[in-house]
Amino acid sequence: MIANERELQVTQRRIVQFHQRLATLRHTARAAEFAAVTIGYRMDIGPMQAAVLDYLLRPLPEISEGQHP
């Protein structure tokens, strides 16, 4: 579960890195090995994307008058 903006940024960066690795593997892995090589990325990316969406869909806490973010 993502708890703050910093964790959100780290998770989003990690998703991008995994997508880039998958794009590279599409060109470098042999067809017979592709599924075995990429399954781990797929298993990691799905939950990370869900965590990002869960975090982004939570409303920000309301700020009382006089408080600054």
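Odds and ends about this structure:
- Loop-resident sites, the chain, for GluC sites (Glu not before Pro), counting at most 16 other Cβ within 10 Å (DSSP): Glu62, Glu65
- Counting every C-alpha pair in the chain, the share spaced more than 15 angstrom apart comes to 62%.
- Rounded to the nearest 10 degrees, the angle from helix 31-56 to the longest Cα principal axis of the chain is 10 degrees.
- Degrees separating the helix 5-28 axis from the principal Cα axis of the chain, which is the longest one: 10
- Within the stretch 2-69, the trypsin sites (Lys or Arg not before Pro) that combine a DSSP coil assignment with at most 16 other C-beta atoms in a 10 angstrom radius are Arg30.
- Under 15 Å, Cβ to Cβ, from Val37 - net charge with Lys/Arg +1 and Asp/Glu -1: +2
- Computed over neighbours whose Cβ is under 13 Å from that of His19, the net charge equals +4, Lys and Arg +1, Asp and Glu -1.
- Label positions at Ala51 and Asn4, each projected 7 Å from the Cα along the C-beta direction, are separated by 1.6 nm.
- Residues in the stretch 34-50 reached by a label modelled at Arg21 [backbone nitrogen below 13 Å; 7 Å Cα→Cβ]: 37-46
- Entry note, the chain: the mean residue ellipticity at 222 nm calculated from DSSP H runs of n ≥ 4, each adding -39500 (n - 2.57), is -25500 deg cm²/dmol after division by the residues and rounding to the nearest 500.
Each value in this text was obtained by applying a stated rule to the coordinates, not by laboratory testing. Keep in mind it's a predicted model, so treat the numbers as computed, not measured. Cβ coordinates were reconstructed from backbone atoms using ideal geometry, including for glycine residues, and neighbour counts include every protein chain displayed.
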